[in-house]
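Note sheet for the following structure.
The values are calculated or read from the model by the stated rules, or taken from the named source; none is laboratory data. All figures in this text were calculated on a predicted structure; none of them were measured in a lab. Counting neighbours? That spans all protein chains shown, and the Cβs are built from the backbone with ideal geometry, glycine included. Please note that ligands, DNA and RNA were not included when accessible areas were found on the heavy atoms of the full protein model with its side chains. Shrake-Rupley method; radii C 1.70, N 1.55, O 1.52, S 1.80 Å.
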Amino acid sequence: PAQRHRRTCEIAAEALRQAGGSVPDPVIVDDVDEFDAATVLRRLVPVLVDRDQEVARLYREFRASEDSPEAGRLLQKLFEVVARHWASGEFDIPEVESWENFRGRVSRAIACIRANAPKSSNSVVFTSGGPIAATISLALDLAPRHALELIWVSRNGSYSEFLFSGERFSLSSYNSFPHLDERELLTYR
């Protein structure tokens with residue numbers, strides 16, 4: 001449902017039409033939206049600064065270099081540590097969707113997509129790293145911490161494939177990018 005997901009869908013649909021293919025009208029599935037990383041950080045950092053030395057150190061380093069080129073890298077490191085705490089389920093904080101609820105939301109979306117997909121058809125979903133990681137965690141029954149690690153290595157513009165039939169739901173490929181043949185197009189965020 002994010003604007004960039006919608007725009008990517010529009011671009012892909014136009015390319016497919018130009019190649020002679022047909023494209024059904026897109027369906028927006030709100031439950032494949034990304035979790036709110038900004039709220040996770042805003043609400044958990046103050047709690048964790050007092051409880052976790054690594055979070056406290058990373059937060060101090062980030063604040064000290066907010067105006068430097070290093071700020072983005074330091075914020076990413078801080079976010080990874082905070083997100084591990086978030087996914088562990090150790091905190092129940094208002095305003096913050098838990099990993100369990102996020103994964104459940106994505107699971108509902110996948111069930112909806114599966115239920116509405118015609119037999120022997122393909123469905124395409126344009127989303128972000130979090131929902132992809134949650135979907136992989138469903139297919140492989142991954143622990144939250146392991147699923148979360150997939151977010152950090154997901155490439156922008158890559159695709160993952162899932163196969164389903166009846167009750168079976170399997171990961172076929174992850175993070176594929178053969179369509180991105182220029183090295184500078186391979187980014188993570």
Legend entry - Highest average packing first - 4-10, 154-160, 21-27, 173-179, Cβ atoms within 10 Å: 154-160, 4-10, 173-179, 21-27
Inset, instruction - At 1.4 Å probe size, with every protein chain present, just tell me what the per residue accessible area of the range 30-189 comes to in Å². - result: 60 Å²
Inset, instruction - Could you pull out the chymotrypsin sites (Phe, Trp or Tyr not before Pro) across the range 29-123 that fall in loop regions by DSSP (anything but H, G, I, E, B) with no more than 16 other Cβ atoms inside 10 Å? - result: 91
Inset, instruction - For 51, 57, 63, write out the residues from largest to smallest accessible area, computed with a 1.4 angstrom probe and no ligands counted. - result: 51, 63, 57
Legend entry - Local net charge near residue 28, Cβ-Cβ under 15 Å (Lys/Arg +1, Asp/Glu -1): -1
Inset, instruction - Please work out whether the chain counts as rounded, prolate or oblate from its C-alpha gyration tensor, where a ≥ b ≥ c are the square roots of the eigenvalues and a/c under 1.5 means rounded, while otherwise a/b larger than b/c means prolate and anything else oblate? - result: prolate
Inset, instruction - Just grab the label-to-label distance for residue 182 and residue 19, each label 7 Å out from Cα along the Cβ direction, in nm (one decimal). - result: 1.9 nm
Inset, instruction - Return the sequence-ordered ³J(HN,Hα) values of the range 15-30 in whole Hz as given by the Karplus equation 6.51 cos²θ - 1.76 cosθ + 1.60 applied to θ = phi - 60°, using x for Gly and Pro. - result: 4, 5, 4, 5, 8, x, x, 10, 9, x, 4, x, 10, 8, 10, 4
Inset, instruction - State the dimensionless ratio Rg/Rh of the range 1-62 (Rg: radius of gyration of Cα atoms; Rh: Kirkwood radius). - result: 1.33
Legend entry - Rounded to whole Hz, the Karplus (6.51, -1.76, 1.60) HN-Hα couplings of the range 39-52, x for glycine and proline: 5, 4, 5, 4, 8, 8, 4, x, 6, 6, 4, 7, 10, 10
Inset, instruction - State the percentage of accessible surface on the range 3-110 attributable to carbon and sulfur atoms; use a 1.4 Å probe and exclude ligands, DNA and RNA. - result: 49 percent
